[in-house]
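Engineer: Starting off with a structure, shown below.
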Amino acid sequence: MESESSDRKKFFKRLRSKDNPEPEEMSFMGHIEALRWHLMRSVIVWLAAAIAIFVCIDWVYDEIILAPSSQKFITYDALCRFGHWLGIGNGLCMPPVKIDFQVTEVNGTFTSAISIALIGAIIVAFPYIFWEFWRFVKPALSPKEKKYARGSIFWVSLCFFLGAAFGYYLLAPFTFNFLASFTLGKSGAIIYRPSINDYIDSLTNLILGCGIAFELPILAYVLGKIGLITAKFLNRYRKYAFVIILIVAAVITPSPDVTSQTIVAIPLLLLYEISVILVARIDRKKAKEEKEWS
């Protein structure tokens, strides 16, 4: 049994070797075996990142998780200064806000720490996880497709981290400031004291949601390369895309205020226009190649 398992591993290794320019077609079980090892390595790196975050959980909680809810967060001062620079006075200055969190479960603090570690590890390990996915898909691509996909790991990771930073540094402060300052009724009988789990869920949804949403140009580029969409198609359905973007912005933002949703919608609209430009370049290049072959 051990000999058979060893021979199978050597077989898949030979098929995926760079020294074999024309690998044999891998069976379905061979793909499952290869995928299993890619998933195992991704999980190991993800768990290692989660353990590292959990070890430093006090610093992560104080300096990263709670930061957007603090009146000393860098975004508040930066936006206020930017508003004065634009000459609109305190138009972009948000009032100081203080949020007191509560724990309503016996194991609430422990589960919160676990949640922070696991979700934070996804963000930290994202480039490696995508790299493993790329290694699994790469053998099935033609040399031309591999050429098109050159640098994909960098661009996918860059777009994800830009989106995550956008959600953390810009969208989260607006959202928590609005929710903390929103009042219901004039009696003052309602005390705003959210649970820490609700706060963490809202923050991670903002970060991960924006990170994934910022992958729109990459998705459009891939679909344009394989011929599923064209610039003409994107221009024709632009108005429908704008409606979908507004819906996505409403889903990503946990607060119902127009300001937060607009902050999300504007970058997504710009990303859509960037996607149109990228696909238009692909269409022109394809048309040029067809003209040269004809």
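Engineer: To the nearest Å, what is the center-to-center distance of the range 31-70 and the range 274-294, using C-alpha atoms only?
Structural biologist: 40
Engineer: Right, here's the next one. Go through Thr175, Ala50, Pro139 and say which Cα lies farthest out towards the positive end of the charge dipole of the range 36-185; charges sit on Cβ, +1 for Lys and Arg, -1 for Asp and Glu.
Structural biologist: About the Cα centre, the residue reaching furthest to the positive side is Pro139.
Engineer: Starting from the amide H of Ser195, placed 1.01 Å from N in the peptide plane, find each other amide H under 5 Å away whose residue is 5 or more places distant or on another chain.
Structural biologist: Those qualifying (amide H under 5 Å, at least 5 residues apart or on another chain) are Gln102.
Engineer: For the pair Val103 and Arg238, how long in nm is the line joining their label points, each one 7 Å along Cα→Cβ?
Structural biologist: Placing both labels 7 Å beyond Cα along the Cβ direction yields 5.3 nm.
Engineer: Beta carbons within 10 angstrom, averaged per residue: use that to sort the peptides 170-176, 137-143, 213-219, highest first.
Structural biologist: 170-176, 213-219, 137-143
Engineer: Under a point spin-label approximation (7 Å from Cα along Cα-to-Cβ), what is the Ala250-Gln71 distance to one decimal in nm?
Structural biologist: So the label points at Ala250 and Gln71 sit 3.4 nm apart.
Engineer: Moving on. For a label point 7 angstrom out from the Cα of Ser195 toward its Cβ, which stretches of the range 98-112 have the backbone nitrogen within less than 17 Å?
Structural biologist: Only 100-112 pass the distance filter.
Engineer: Could you go through the range 210-221 in sequence order and give the Karplus-derived ³J(HN,Hα) for each residue, using 6.51 cos²θ - 1.76 cosθ + 1.60 with θ = phi - 60°, rounded to whole Hz, and x for Gly and Pro?
Structural biologist: Each residue's phi maps through the Karplus curve to give 5, x, 6, 5, 6, 7, 3, x, 5, 4, 5, 4 Hz.
Engineer: I've got another one for you. In the structure shown, do any of Lys144/Lys285; Lys239/Lys285; Lys138/Lys291; Lys232/Lys286 have a Cα-Cα gap over 24 Å, and if so which? Mind dumping the intermediate values first?
Structural biologist: Working: Lys144/Lys285 14 Å; Lys239/Lys285 26 Å; Lys138/Lys291 29 Å; Lys232/Lys286 14 Å.
Over 24 Å Cα-Cα: Lys239/Lys285; Lys138/Lys291.
Engineer: Let me ask something additional. At a Förster radius of 22 Å, what calculated FRET efficiency corresponds to the Cβ-Cβ distance of Leu92 and Leu269, to the nearest 0.05? Don't jump to the answer; show the numbers that get you there.
Structural biologist: Details: r = 20 Å, r/R0 = 0.93.
In this case the efficiency is close to 0.60.
Engineer: Something else now. Any chance you could run the full-extension gain for Met40 through Ile153? It's 0.36 nm times the residue separation minus the Cα-Cα distance, nm to one decimal.
Structural biologist: Once the chain is fully extended between Met40 and Ile153, it gains 38.7 nm.
Engineer: Simple spin-label model, 7 Å along Cα-to-Cβ: Lys138 to Asp62 in nm?
Structural biologist: About 4.2 nm, to one decimal.
Engineer: Pop out the ³J(HN,Hα) list for the range 227-234 in order, Karplus 6.51 cos²θ - 1.76 cosθ + 1.60 with θ = phi - 60°, rounded to Hz; leave Gly and Pro as x.
Structural biologist: x, 7, 9, 10, 4, 4, 5, 5
Engineer: Here's a follow-up. List residues of the range 81-125, by number, whose backbone nitrogen lies under 15 Å from a label position 7 Å along Cα→C-beta of Ala165.
Structural biologist: Counting backbone N atoms under 15 Å from the label point, the list is 124.
Engineer: Shifting gears a bit: For Ser157, what charge total do you get from the other residues with a beta carbon under 14 Å from its beta carbon, if Lys and Arg give +1 and Asp and Glu give -1?
Structural biologist: Details: positive: none; negative: Glu132, Glu215.
Every neighbour counted, the sum reads -2.
Here, each number is a calculation from the coordinates, and none is a lab measurement. Quick caveat, the model's predicted, so the values are computed rather than measured. Cβ atoms come from the backbone with ideal geometry, glycine included; neighbour counts cover every protein chain shown.
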